[in-house]
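The structure under discussion is supplied below as structure tokens; questions concerning it will follow.
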Amino acid sequence: MAETAQLERRTHSPRQERPERPVGGNLLRGILRTARPKQWVKNVLVVAAPVAAGQLLAPHALGRLALVFVLFTACAAAVYLVNDARDVEADRAHPTKCRRPVAAGDVPVPVAYAVGSVLAVVAPLAAAWLISPAVAALLAAYLGMQWAYSVSLKHVLVVDLVIVTTGFLMRAMIGGIALGIPLSRWFLITTGFGALFMVAAKRYSEALQMAGKTGATRALLTSYTASYLRFVWQLAASVAVLGYCMWTLEDGAVHAGVLPWRHLSMVAFILAVLRYAVFADRGTAGEPEDVVLRDRALALIGVVWLALYGLAVAHW
């Protein structure tokens, strides 16, 4: 009896462990999950340059920016799909990444490659046709940079920080390029170093949380020291604040209005950086969108900053 039961377990075990073939809605849901909808909030940065220039409500601006948002999201989804297909074996051995649709078998590897490749080709072509060649070139550069990062650059010290930061900067630039808005040098400095501040703060937090653990974090983190990452986010925060102050003073005069709203917005911006630095210092600065949305004080400061800058743009 025991031998019979053991034989039945051996007979039925492989069939039970084999993942079911994904069909229809399950496959579509798996592809959507692989595209990381939670990360799409980062692509809202495409409105940064138009908002800064007061051109957000210009004729046809919202429609064009919505299209840019969709195309940038498609490019990011292409990167996620191809990366998950490439890393499928490593993800299956990971305690949490094994739940990703490709690793779990919900999305077959060939399908992930195919959908990712189609999105990577269609998005820049659509941008060239519907918006401008410059936008298409920026999307193509983003794709090339992200895949180079995935293949080798993520293992290169400092370069990995620069690549991730540049991804945020490209998001902030593309809206202005799509609308033909000149990009202020101080806008680029503030955005770039602000992004580096958040990226380095996240890596610093990861380094503190994973200290003493092996195989549970990015391999490159073992090559950084916590003190170095702290230096990077402190330096980046300082340059971002200085850049923003210079940006608000760029016109050389206060616009007509009840109060100098643009100059007053410096206070809110500096408070936001100081508040974010609290989480960086504690080692709890994870994904930037999570930090902002989960901390009410930081979210409130952000709303105040938007209000002050909005009043400045409206010349009230």
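Where a number appears in this text, it was derived from the coordinates with a stated rule and is not lab data. All values derive from a computational prediction rather than experimental measurement. Here the Cβ is made from the backbone with ideal geometry for all residues, glycine too, and neighbour counts use every protein chain on show.
As a test of the formula, what do you get for the chain when each DSSP H run with n ≥ 4 contributes -39,500 (n - 2.57) and the sum is divided by the residue count, at 222 nm and rounded to the nearest 500 deg cm²/dmol?
-23500 deg cm²/dmol
For the chain, find the longest principal axis of its Cα atoms and tell me its angle to the long axis of helix 2-17, 0 to 90°, nearest 10.
30 degrees
In degrees between 0 and 90, to the nearest 10, how far off the longest principal axis of the chain does helix 296-313 point, with axes built from Cα atoms?
40 degrees
Additional query: Can you tell me the 0 to 90 degree angle between the C-alpha axis of helix 109-130 and the longest principal axis of the chain, rounded to 10?
Compared with the principal axis, the helix lies near 30 degrees.
Now for a different question. Tell me, what HN-Hα J-couplings in whole Hz come from the Karplus equation 6.51 cos²θ - 1.76 cosθ + 1.60 at θ = phi - 60° for each residue of the range 262-268, using x for Gly and Pro?
So the J values, rounded to whole Hz, are 4, 5, 5, 5, 4, 4, 5.
Continuing with this model, one more query. If you count, for each residue, the other Cβ atoms within 10 Å and average over each peptide, how do 98-106, 149-157 line up from highest to lowest?
The packing order, highest mean first, is 98-106, 149-157.
What are the ³J(HN,Hα) couplings of the range 67-81, residue after residue, when phi is run through the Karplus curve with 6.51, -1.76, 1.60 and θ = phi - 60°? Round to Hz, x for glycine and proline.
3J(HN,Hα) across the range 67-81, in whole Hz: 5, 4, 4, 5, 5, 5, 5, 4, 5, 5, 4, 4, 5, 4, 5.
Here's another thing I want to ask about it. Sort 138-148, 35-45 by packing, meaning the average of other beta carbons within 10 Å per residue, with the highest value first.
138-148, 35-45
Relative contact order, percent, of the chain when contacts are C-alpha pairs under 8 Å separated by at least 6 residues?
17 percent
Relative contact order for the range 25-183 using alpha-carbon pairs under 8 Å, separation at least 6, rounded to a whole percent?
Answer for the range 25-183 is 33 percent.
What list of ³J(HN,Hα) values in whole Hz, one per residue of the range 47-52 in order, does the Karplus curve 6.51 cos²θ - 1.76 cosθ + 1.60 (θ = phi - 60°) give from phi, with Gly and Pro shown as x?
Values per residue, Gly and Pro as x: 8, 4, 5, x, 5, 4 Hz.
Could you tell me the relative contact order of the range 76-127? Use alpha-carbon pairs under 8 Å, at least six residues apart, and round to a whole percent.
44 percent
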